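Please treat every number below as a calculation from the coordinates, not as lab data. These figures come from a predicted structure and were not determined experimentally. All Cβ positions, even for glycine, are placed from backbone atoms using ideal geometry, and neighbour counts span all protein chains on display.
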Amino acid sequence: MSKVVIFGASSGIGLAATKRALENGFHVRAFARTAEKMRLNHDCLEVFTGDALNRPEVSAALEGMDQAIQCLGIPLGLSMITKPVSLFSDATRVLVPEMEKAGVKRLVAITGFGAGDSESAISFFQRLPFKLVFGRAYEDKSIQEEIIRSSSLDWTIVRPGVLTNGPATQSYRVLPNQENWKNGIVSRADVADFIVGQIDDTSYLYRTPVIVGPSF
């Protein structure tokens, strides 16, 4: 089975992906600033405390790995609305060349519905509140996507809709084609199921699928 390093593994989608990858038998290197606080114990888990903006630490985390998953996030709060956001692009400017240098070709990166060209699929009624609350973060995620697209990596960019802490349903919808893109609610566990499924699958290579929950 592949060895995968998950950046942003201590919370959110990253933590869910770590758990799912271990369930599926992968060797996981869990990279996060607070990785030592993770309450997981597994023979195939390697905890790696590091900063995604620290080039030597990222380089060390990639050593011996076959693939990488990037699941960075920032807290939802006033600072995200009022201050510039650059974490996503800055970390990707570190990660991409280090992956290229290390020969780790496969990257699955999580951005979100509204990043890149999926912004055009946001409905008229959602557009203003989206811009007010998430605009700065998603502008940076769009830059993040461009860095990945311009790389020599074998990438897949995953764009989940509105995230919840609900259980895995495995009945989520994958919307790879622009004409079908739409927003929706989806659990972090379901997003994790999809992205872990991409580790040894190239069905969505060089594509930007939107992930939403089941329709009713």
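Structural remarks
- Radius 10 Å from Cβ of Asp154, net charge of other residues (Lys, Arg +1; Asp, Glu -1): +2
- Choice from Gln170, Gln144, Gln70 with maximal GNM fluctuation in the chain (Cα, 10 Å cutoff): Gln170
- Stretching the chain fully between Glu100 and Asp43 yields a gain of 17.7 nm (0.36 nm per residue, less the alpha carbon separation).
- Electrostatic bookkeeping for Gly116 treats Lys and Arg as +1 and Asp and Glu as -1; over the other residues with beta carbon under 13 Å from its beta carbon, the sum is -2.
- In nm, spacing of pseudo-spin labels at Asn24 and Ser86 (7 Å Cα→C-beta vector): 3.4 nm
- Relative contact order (%) - the chain, alpha-carbon pairs under 8 angstrom, separation at least six: 20 percent
- Whole-Å distance, taken between Cα centres, linking the range 137-212 and the range 1-29: 16 Å
- Net charge, Tyr206 excluded, C-beta distance under 11 Å - Lys, Arg +1, Asp, Glu -1: +1
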